[in-house]
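To keep things clear, I will list the structure first and then write my remarks on it.
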Amino acid sequence: MLVLFKLLGSLALLMFGMKSMSDALQKMAGPQLRHVLGAMTTNRFTGMLTGIFVTAAVQSSTATTLMTVSFVNAGLLTLVQAISVIMGAHIGTTVTAWIMSLGFSFNITDYVYPAFFLGIILIYMKKHRIVGDFLFGVAFLFLGLGTLRTTGAEAVTGEYAEAVNYFFDSFNASTIWNSLLFLFMGTVLTLCVQSSAAIMAITMTLCSTGVLHIDQGIMVVLGENIGTTITSNIVALTANVQARRAAFAHLSINTLGVIWVLIVLKPFFAAVCSFAGFDASMPPSDPEFALKASMTLATFHSAFNVSNTFLLIWFVPYVERFVCWVIKPKKVDEEDEFRLHFITSGIMKTPELSVLEAHKEIRSFSERMQRMFGMVKELLTLSSSANNKKDNKESDFNKLYSRIEKYEGISDNMELEIAKYLDQVGDAHLSDETKAKIRAMLREISELESIGDACFNMARTISRKYNAKEDHFTQAQYDHLHQMMELTDQSLSQMNSLMLGRKEAFDVNRSFNIEHEINNFRNQLKAQNITDINNHEYTYAVGTIYMDLINECEKLGDYVVNVVEARLGIR
């Protein structure tokens, strides 16, 4: 039981160290990763190099793949670009196996404690806390790997050695069924643990002690390459069609790679053993056996991913056609349905990527609110036909009003879901800059939901007036309302241009000028309304409803300015 807990604990240390190291590297890279992915994917070869570079930098192919799928979901990358980046990520992730193989060349645990000491000093210095997090991650990684190695050796040579050896010896026969069994085990274990690095470490440990034959170890490694693709497919389940295709391409590429390697496995593995200097007849008691076995697995992992990428990179267009044929778009109009398009319920998200997804979702929220206001303008136009209810005018009015009401419910749900997501992101270890972005986004969604409320209030007022069937607005009132709504729509357009573009290129004075124009026009109409009521141009009740609409437009303009100020960081 003690040996079992030591194995599980060392595996947990290794996984935590790997994740901490990867997270710290991604924080150090920051927005540069996003710009690199966007700028260096002009063709399939630069996309592949980008995938190699980013994955080697963050030490996590899963993080790169999730980032790529999210960028496809957000429309920042095409499917062809994403496939080439994913192929490059397969090569970049091989660095991790080589790092772990170092742990088998000497007793690495003797050197982790200075890293812990230096790391805690840097963390408390705050200015260099990300570097401290990175050192802690590396130290935990090698401590876990070293403990896993020694505990594995204890299990093999200790009192349970006979049982352990008997279990693995029962699968030693070189049959196709045993090979497929270990391939399946590698896939399932990686799927369960959600970390190919952790399974690679276990495989290296077992092979370095001689318990697991090297032939079985490479089958587990091949299984890991399939199992690691499941994560992106799980994340993409709630994403759009292109993102699901990118995730499925990830699975297809590795599955195709495993198939062709199995066909040429004997000569391929023989070449790897020759390169790594490993002799299958070498006894486990040999002092170099552990190092040679771990290097052979790392070499096989690298050779497989490099060969597979350089073989399939020429067939990227065909891979794209295949995944498009398998995953077809749904023929439904999702405009009037509530669904978050960019925020996905994935794992291993970084704050930088999470903030990007939230911003894309808020931009979609903003565009939806302008569409909602366009419906209110159309509802007002339909209401002007109250005296001529032909050609199903009344039916059209009621349908449009129901659609606006549905949009109001969508705006409420979007605010809650985005706020919940940002709250989860806020629980992570964030920089001051990222915290400020999250605070600004929470303010944005609150004001956007208020815009939705203002639109629905106007729709209810128009509906109440339409169904009253009493006095109607004069032509001058309709003209003034349309003019006020046009100014309000201009302010919404300015807000969305800010959401779509870069803050530095936005002229905030245009939004402020439109807001001043709306306020002045409201004041002018307010004074004119009192005069017209006194001159009996229309009744007081009609004048009240008329000014309710004007005032609601003015409030909506204030909410728009609040969104602009939040986006620009103006308090």
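The values are calculated or read from the model by the stated rules, or taken from the named source; none is laboratory data. As the structure is a computational prediction, the values presented were derived from the model and not from experiment. Cβ sites come from the backbone with ideal geometry, for glycine too, and all protein chains shown count toward neighbours. Note: areas computed on protein heavy atoms with side chains; ligands, DNA, RNA excluded. Shrake-Rupley method; radii C 1.70, N 1.55, O 1.52, S 1.80 Å.
In what order, largest first, do Trp98, Trp325 sit by accessible area if the probe radius is 1.4 Å? Could you put the intermediate results ahead of the total?
Numbers: Trp98 90, Trp325 165 Å².
I get Trp325, Trp98, largest accessible area first.
What order do you get for 183-191, 289-297 when each peptide is scored by the mean count of other beta carbon atoms within 10 Å, highest first? If you can, show how the numbers build up before the last one.
Numbers: 183-191: 20.6, 289-297: 24.1.
Descending packing order for the listed peptides: 289-297, 183-191.
Within 10 Å, count the other beta carbons around each residue, average over each peptide in 491-504, 543-556, and list them highest first.
543-556, 491-504
Return the sequence-ordered ³J(HN,Hα) values of the stretch 557-566 in whole Hz as given by the Karplus equation 6.51 cos²θ - 1.76 cosθ + 1.60 applied to θ = phi - 60°, using x for Gly and Pro.
Taking θ as phi minus 60°, the curve returns x, 5, 4, 4, 4, 5, 5, 4, 5, 5 Hz for the stretch 557-566.
Based on the inverse mean of 1/r over its pairs of different Cα atoms, what is the Kirkwood hydrodynamic radius of the stretch 435-571, in Å? Before the final figure, lay out the partial values.
On the way: mean 1/r = 0.0620 Å⁻¹.
About 16.1 Å, per the Kirkwood formula over Cα pairs.
To the nearest 0.05, how large is the calculated FRET efficiency for Arg371 and Asn535 if R₀ is 30 Å and r is the Cβ-Cβ distance?
Values: r = 39 Å, r/R0 = 1.28.
The computed FRET efficiency comes out at 0.20.
For Ser402 and Gln483, compute 0.36 nm times the residue count separating them, minus their Cα-Cα distance, and round to one decimal in nm. Please list the in-between numbers first.
Values: separation 81, 0.36 × 81 = 29.16 nm, distance 2.47 nm.
So the extension gain works out to 26.7 nm.
Kindly provide the Kirkwood hydrodynamic radius of the stretch 478-546 in Å, to one decimal, from all pairs of distinct alpha carbon atoms. Walk me through the numbers on the way to the answer.
On the way: mean 1/r = 0.0723 Å⁻¹.
The Cα-based Kirkwood calculation yields 13.8 Å.
Less than 12 Å Cβ to Cβ from Ser497, Lys/Arg counted +1 and Asp/Glu -1: what total charge do the surrounding residues give?
On the way: positive: Arg363, Arg502, Lys503, Arg510, Arg567; negative: Glu367, Asp507.
Net charge in that neighbourhood comes out at +3.
Got a number for carbon plus sulfur as a percent of the stretch 504-571's accessible area, 1.4 Å probe?
The value for the stretch 504-571 is 46 percent carbon and sulfur by accessible area.
With all protein chains present and a 1.4 Å probe, how do Tyr478, Tyr540 order by accessible area, largest first? Provide the component values of the computation, followed by the final result.
Numbers: Tyr478 25, Tyr540 165 Å².
Largest accessible area first, the list is Tyr540, Tyr478.
Report Cys455's accessible area, 1.4 Å probe, all protein chains in place, as a number in Å² to the nearest 10.
0 Å²
Go through the stretch 530-541 residue by residue and turn each phi into a ³J(HN,Hα) via Karplus (6.51, -1.76, 1.60, θ = phi - 60°); whole Hz please, and just put x for glycine and proline.
4, 5, 5, 5, 4, 8, 6, 6, 7, 6, 5, 4
Can you give the direction-averaged projected area of the convex hull of the alpha-carbon atoms in the stretch 521-563, in nm²? Before the final figure, lay out the partial values.
Working: hull surface 11.1 nm².
Result: a mean projected hull area of 2.8 nm².
So what are the ³J(HN,Hα) numbers for the stretch 433-449, from phi and the Karplus equation (6.51, -1.76, 1.60; θ = phi - 60°), rounded to whole Hz, Gly and Pro as x?
In residue order, the calculated couplings are 5, 5, 4, 5, 4, 5, 4, 5, 5, 4, 5, 4, 5, 5, 6, 5, 5 Hz.
Could you compute how much accessible surface Ser364 exposes when probed at 1.4 Å, giving the result in Å² to the nearest 10?
Ser364 exposes around 20 Å² with every protein chain in place.
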